[in-house]
Amino acid sequence: MAYEVATALDVRLDLMLVRKLGVPSHEEFAMGAIASGGIQILNQQALRAHPIDQTAFDAVVARETRELLRCEVDELVCPIMPEWLMSIGHWYMDFSQTSDAEVMRLLQQAWAKEDSSGQ
């Protein structure tokens, strides 16, 4: 999807690595997320529903920070920001997984196009 959007808007396709902060013992339930550049977003509703102490929270953040590779982006554009986002998959008719090979192919294709156009 990102490749198609970037192509339609004629903008650079790049990466931003993000790690979900899962509630301890319910790791699939997100209490927030971290991203490169020290970005941290917390889901206050999830934290109220599943209160955890500061030590457990810090342990999750530390673990996910270790997994997060540091990268920076020049610009982040978010054309639609719903008031209440229950899950990303909720907003798609088809939210099937994209393979690593497909992601690499599309990034290489986008970056090759960028190199040939001199952007």
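The values are calculated or read from the model by the stated rules, or taken from the named source; none is laboratory data. Small disclaimer: the values here were computed from a predicted structure and weren't measured. No Cβ is skipped: glycine too gets one built from the backbone with ideal geometry, and neighbour counts run over all protein chains shown.
At-a-glance table
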{"item": "Unmet requirement for Ser99, which otherwise passes all of (1) at pLDDT below 80; (2) small (Gly, Ala, Ser); (3) on the phi < 0 side of the Ramachandran plot; (4) exposed (fewer than 10 other Cβ atoms within 10 Å of the Cβ)", "result": "(1)"}
{"item": "Residue satisfying all of: in the range 1-50; of a type in the set (Asp, Glu) and assigned to a loop (DSSP other than H, G, I, E, B); surrounded by the fewest Cβ atoms within 10 Å (Cβ to Cβ) among these", "result": "Asp10"}
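This table checks each residue for (1) touching a residue at least 12 places away in the same chain (Cβ under 8 Å); (2) under 26 Å from Leu106 (Cα atoms).
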residue: Leu9; (1), (2): no, yes
residue: Leu13; (1), (2): yes, yes
residue: Val18; (1), (2): yes, yes
residue: Gly22; (1), (2): yes, no
residue: Glu27; (1), (2): no, no
residue: Asn43; (1), (2): yes, no
residue: Arg48; (1), (2): no, no
residue: Ile52; (1), (2): yes, no
